[in-house]
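The values are calculated or read from the model by the stated rules, or taken from the named source; none is laboratory data. Please read all numbers here as calculations on a predicted model, not as lab measurements. Neighbour counts run over all protein chains shown; Cβ positions are idealised from the backbone, glycine included. These area figures cover heavy atoms from the full protein model, side chains too; ligands, DNA and RNA do not enter into them. Shrake-Rupley method; radii C 1.70, N 1.55, O 1.52, S 1.80 Å.
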Amino acid sequence: MEQVMKHEVLRLPPGFRFHPTDEELVVQYLKRKVLSQPIPASIISDFDVCKADPWELPGDSEKERYFFSTKEAKYPTGNRSNRATVSGYWKATGLDKKIVGTSRQAVGMKKTLVFYRGKSPKGCRTDWIMHEYRLLTTAPPPKESWVLCRIFSKRRGNKAGDDGGAPAPVFYDFMAKERADLNGNCSSGSSGITQISPSEIEEERSSCSSFPSSN
């Protein structure tokens, strides 16, 4: 499969998309990254998401973008993360969601954050959203505090896809020869890459039309 690099982010060919579940992101990507094990596909790049504003991050800002990032402590003696960027900051909203695998065991946590322009606490809320995934525990403890970030704008367009006669969705497993059960029984074997059918594209377009627009 031909792969084209743009702004240091892997671009999939027309007709393909990267659409992993929460469990796949944690088990197949983040956990393997933390443990320095092979990752299914080189889709997610390493980038400190707080070094740039969300619209300036590598990749197409009209689509969902995924990054491996490290957490920087806000205070030397505390556990709070520093999420300030060039012109704003990320603020957590709601409660963290526990991610449960197919084995009904918790495999990670997902935190939802909203981007605000300006200085805290008087920033202006924007449409930019980040889902920050983290592992619960690992043994031995990792040298770096890796998280996986999914960033998108609620007003963004649809994901790219090719309407021209694409076949039914097909799952591609890039780890067929190297799949290793990190806990003795891998809970998800899919890499999250699928081929898009015309009907799926139409469904995405109709569902995305419900997002409110903002200036």
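Residue ranking by accessible heavy-atom surface, 1.4 Å probe, largest first, among Thr137, Thr93, Thr85, Thr102 comes out as Thr137, Thr102, Thr93, Thr85. Taking label points 7 Å from Cα along the Cα-to-Cβ direction, Thr21 and Ser87 give a separation of 3.9 nm.
The listed residues Cys149, Cys50 rank as Cys50, Cys149 when sorted by accessible area, largest first, using a 1.4 Å probe.
Packing, taken as the mean count of other beta carbons within 10 Å per residue, orders the peptides 107-115, 51-59 from highest to lowest as 107-115, 51-59. Potential lengthening of the chain between Ser42 and Thr137 amounts to 31.8 nm, from the contour at 0.36 nm per residue minus the alpha-carbon distance. Using the Cβ of Pro20 as centre and a radius below 11 Å, the other residues enclosed give a net charge of -2, where K and R count +1 and D and E count -1. A simple spin-label model places the labels of Arg125 and Val100 2.9 nm from each other, with each point 7 Å out along Cα-to-Cβ.
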